[in-house]
Amino acid sequence: MLTHLRRELAHAIWQLLLDEDLMRAYTEGEAMKLFDENMRAMFPRFLLYSADYPEK
Amino acid sequence: MGNLSRCPGCKQGFLNGRAYSVHLTCCKTLGSATDSALKKHKILAAKKAKAKRLEFAARKALAAQRLPNPTVSGSQELLDSDDQHMDTDINVNDVPPAQNSPSPPPRPSGRPNRRIRLPLRYRDELPPNPPIVSVPKELVEYDDEPVQSMGHATPESIPIHEATQFCTETNTFGIYRKYAFGPPTINPDESFTLSSVSDSVSIAQDPDSSKSSWWSSFGSSTLEPVGNSNNFAPFLNHSTFLLMSWYYNGSSTKSYAEVDKLIHNVIRHEDFKASDFGASFSTAREAERMDKDQPSKSSAKSEKSHPLPFKPEDGWIQASVSIPVPCDGFIFKSEQDAPRFVVNGIWYRKPLEVIKLAFSEPAVEKFHITPFKEYWKPSKDEPEERIYSETFTGDVFNEEYEILHATSREGPNSKLEAFIAGIMFYSDTTHLTSFGTACLYPMYMYVGNQSQYTRAKPSEFTAHHIAYIPKVFIHTDYFFIF
């Protein structure tokens, strides 16, 4: 049960983190200015996710 | 960035470290100056050697005239050859190691001396400059357009180059890069200097302006000084603070050194005023004031639920999530029907906001927003070899970039140049104490566009804190989360 709850909690927090804003940026890009003052569309991509098992 | 590097040869100034190092290798004035200095040195050394040889011959002749004493002349020779060794040593040190050292002066016997070189294991090859990205002229003009229109209020989009592979020049190690979709619009290696890859004590270090501070991983508003108008709270004035800090710091017993400190750090301090202490000044009351202040602050932290450094202006949000809880002895039709437990007090930041923050830091000048592949060609006949080193030279980053270019984009940002922010999440339980079970479950975010050599340095503080996961503990009958 402890394992189950911990996993549920970790997933619930990921639900919170992967909100609509991030998802929109993922598909449409987020316009932002870099230091050279040019507008660019930024696409976040998850390169890796490294973590220990949340249920442990 | 503000430092102007000046060429010692032709006195030309350079703002850009990369341009400066390139100039150093090809400056003619500097080269001829070095050559003439070397020649002068050579002539001097030869003169010195000649004088020594003459002196030695004269002494030998003198000795031969008197009693031939082989031991003396032998030891003299030894001494002389030691001198020669020292001379050549100095020569080796004086001449830059990259150049071939001038032929050392011959031995007194007339035979050539040994050339002294460092053994291979002690020779330290410095990292080379990254390959030069020379953008073709027609593209340069293209690139300048948005810069000229910077004055306009509306930000101009960058024209997207046609999809042609762009290959850079090779650097001194024979390494070159291939960009899949034309030259990059930002080349972070322009700010490359030797000190950004090497921290040898013999190399002059640039002041690193893009270094971020430890608190930047929590957000930017913590950059502001914490104190408001009264920097020495809870004390009433600066003089009291100085005196009390002298009392509490350093040694508890009085010594000459302590009294010296009292005089120099407190009484002679420019902010110290005797008038700050009223007739009713009491050390006990000041100490009490400080004691009272500590618990009130910590209780305010827990009550106000804004513990430092979680500030709402940095995007820290306190949220609650609910998780379905299994119930012993009850069966529910679906997970939705199960009772839910609400977990309060989860601190997190919106990842998108954090990414935007990460790309607005000064360190972004060194971010690679265009991925590329690095190759090395040992010689003309041999096939090129791929070099894997950074995230932005890897396959995943390149493939993702190609997919992004291949797909037609929609939405308001479809006209803008697209780039990928490679984000990497990392999380691990962190024990806070050596004994006991206090631990945190933080979630960090790293930006893959940054060089791994910077990213992996704890002193660069490149991790961005995203969230803190509470820990679930279980008792025999109930569970709790904190």
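Quick note: the coordinates plus some simple rules give every number you see, no bench work behind them. The model shown is predicted, which means the values in this text are computed figures rather than measured ones. Because the Cβ atoms are built from the backbone with ideal geometry, glycine has one as well, and the counts that use them run over all protein chains shown.
Quick rundown of the values:
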| read-out | value |
| --- | --- |
| Within 10 Å of each Cβ in B:438-448, the average number of Cβ atoms from other chains | 2 |
| Between the stretch B:377-420 and the stretch A:4-27, the Cα center-to-center distance that results, in Å | 28 |
| Integer Hz, Karplus 6.51/-1.76/1.60 couplings in order for the stretch B:459-468, x for Gly and Pro | 6, 8, 6, 8, 7, 10, 7, 10, 7, 10 |
| Shielding score for A:20-27, defined as the mean number of other chain Cβ atoms within 10 Å | 3 |
| Sequence of B:Ile369, B:Ile116 once ranked by neighbouring C-beta atoms within 10 Å, starting from the fewest | B:Ile116, B:Ile369 |
| Summed residue charge, Cβ within 13 Å of B:Thr29's Cβ, Lys/Arg positive, Asp/Glu negative | +2 |
| Likely footprinting exposure, B:Tyr468, A:Tyr49, A:Tyr26, fewest C-beta neighbours within 10 Å first | A:Tyr49, A:Tyr26, B:Tyr468 |
| Other protein chain Cβ atoms within 10 Å, averaged over every residue that makes up B:423-430 | 5 |
| Burial ordering of B:Val343, B:Val22, B:Val447, B:Val266, fewest other beta-carbon atoms within 10 Å first | B:Val22, B:Val266, B:Val343, B:Val447 |
